Every structure is written in structure tokens, then in C-alpha cells.
Amino acid sequence: MTFKNPVAEKFSQAAKCYKQHDVLQRRTAEKLLTHQILSGDIVDIGCGPGTDFTLVNPQQNQIKQVMAVDLSLEMLAMVKQDFPDYHTLCADAAALPLSANQFNGLYSNLVLQWCEDLPAVLSEFYRILKPGAHCLISIVSAGSLPELSKLGLGHNDFSHFDDIVAQANKHHWQIENAEHCSESLYFTDLRTLLYSIKGVGASVKSHQQTQSKEKQGSVSLRGRQDWLALTEKAESLRVEQGIPLTYQIIYLHLIKK
């Protein structure tokens, strides 16, 4: 029996064009890696096409081995192509087939917002890390994509900052830092803006979110006239840099006690 995860399918479809649309991912990765605290054997959860961890500290890189984990086999194939020394694993973050107390560090960039069971994921993170290991996470949070709401377009529901921090506290992490930042991207037109979301596989909604989607105020695009009306509406949002798309990002630096 073949099990098809809708999130995995979407990210697999986006694999080839991912790097053309990963401006936000590169920006958040840079912020996570400025901590320069990852060393030894590390695991990258939701690795996508891979992260160059030599950027952590090119002069004194203390990372020995990288385990790249993703739901998408297509993404993992890109990792093997660009980072042949990395080990790869196709697995769900909520049920990792990895040993306890295995890694010195964990990195997860813009992944946890797609996980339906955040407590289970954080529990797995805690389990596979060694005591004293560092865990660096970025996650999209509530309040993101207000521009889509203004256009009457639906988008994913995201967790609130307090709820995410509360989940970390439940798992007895030492919260070294929890930061909430706004990250804005700007686009030349609406089509490019929408492809920036679809291009990284981020248009998936869980079944429950789909069932509970609010119909009031939603836009139905039935033809050219609907699209032209929507693009005109998007132009009303334009600022000097372009049409904005704003994300609320939580950056977490956790330590396993």
C-alpha cells in the first residue's frame, strides 16, 4: 500500500523550482545560523533541497556530520546532488526512525507550521538530541499573510506565539531565546507573489483546515475578469518596494536539559 502525504506531494512538486522562490527561507536560515552554535553531529528536519552549514563558521566549522530529513524524496535527491556528504532520510518529523540521544544539534527552518501535531514533533526533537544539545527553529506564526486576507484569498491557519512557546515549556526545554519578527517580501505583480507561495510547496492545507474554511468574503476566480479584478485590488496594496507579503516568524533557540 502506498501512503501519499499531501504535504510531501506538494513539496515534491515544488522541488525543481524551490530555489527560485525561497527568498524567505534563505533570510530565516541566515538569522538562525548567525547563532554559530551548531557542532558535532546535527540533524536538519524538513531540509528541503539542503542547507550549507559551512556558512555557520567557514573558518572554524565544527559540524562533523549532517542528517538531512524530509518527507519529499525529490527534495532529498537534490540534497544528495548538492551535498553528497550528507546522510538523507525520508521520514515524518512526528515519528523519526532515529535513536535517542543521537545528535549534538537540530536545525529546522520554516517547517513546523506544516506539522499537525506540534507536541509530538517537539517530543521527537527532544528524544533524539543529546543532553545539552542546541535546537534552532523558525516557524511561521499567526498574523502571517494579511495581504491575502485583504484580497479575499484563503491561506493556512498558523499557531500563535504564546501557544508555541507553551508547547516548548511542556517538553522541559531550556528556552534560550524566543523571538517574534515580521518579515516582508515584495513582488512586482500578483502572479509572482502567488507563485512565491506555491513555488515552495506552501499552498497545502490540512483536511481539517479545508473543512473549516470560511466562505464569507472568499474570492472565486472563474475567469479572466475575476483575475483582472483581483490584480487591480492587489495594486491598491502596492508600496514603493512592490506588492508586499508579510510573514510573522518565530525564532526559537532551545537547549535540551
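Tabulated data for the structure shown
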{"quantity": "Single condition F103 does not satisfy, out of (1) within 20 Å of the chain's Cα centre (by Cα); (2) over 16 Å from A168 (Cβ atoms); (3) not basic (K, R)", "calculated": "(1)"}
{"quantity": "Selection count, the stretch 76-116, where residues are of a type in the set (D, E, K, R) and closer than 15 Å to I63 by Cβ", "calculated": "1"}
{"quantity": "The stretch 96-115 residues that are over 17 Å from I137 (Cβ atoms), paired with ones that are assigned to a loop (DSSP other than H, G, I, E, B) and of a type in the set (S, T, N, Q) (beta carbon under 8 Å, 6 or more apart)", "calculated": "none"}
{"quantity": "So I197, is it buried (at least 18 other Cβ atoms within 10 Å of the Cβ), among the aliphatic types (A, V, I, L, M), outside any helix (DSSP H, G or I) and at pLDDT 70 or above", "calculated": "no"}
{"quantity": "Count - residues of the stretch 125-143 that are buried (at least 20 other Cβ atoms within 10 Å of the Cβ) and under 18 Å from the mean Cα position of the chain (by Cα)", "calculated": "8"}
{"quantity": "Filter pass, F187 being surrounded by 15 or more Cβ atoms within 10 Å (Cβ to Cβ), among the aromatic types (F, W, Y) and in contact with a helix residue (DSSP H, G or I) (Cβ under 8 Å, 6 or more places away or on another chain)", "calculated": "yes"}
{"quantity": "Of the criteria (1) under 22 Å from S144 (Cβ atoms); (2) buried (at least 22 other Cβ atoms within 10 Å of the Cβ); (3) not hydrophobic (A, V, I, L, M, F, W, C), which one P49 fails", "calculated": "(1)"}
{"quantity": "Members of the stretch 64-78 found to be under 15 Å from S108 (Cβ atoms) and either in a helix (DSSP H, G or I) or of a type in the set (A, V, I, L, M) (or both), listed by number", "calculated": "V66, M67, A68, V69, L71, M75"}
{"quantity": "Test: residue in the stretch 141-163 that is closer than 20 Å to L38 by Cβ, among the aliphatic types (A, V, I, L, M) and not in a loop (DSSP other than H, G, I, E, B)", "calculated": "no"}
{"quantity": "Close pairs from the stretch 173-187: first under 30 Å from R238 (Cβ atoms), partner surrounded by fewer than 13 Cβ atoms within 10 Å (Cβ to Cβ) and among the aliphatic types (A, V, I, L, M), Cβ under 8 Å, at least 6 apart", "calculated": "Y186/V239"}
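The values are calculated or read from the model by the stated rules, or taken from the named source; none is laboratory data. Treat the numbers as computed from the prediction; the structure is a model and nothing was measured. No Cβ is skipped: glycine too gets one built from the backbone with ideal geometry, and neighbour counts run over all protein chains shown.
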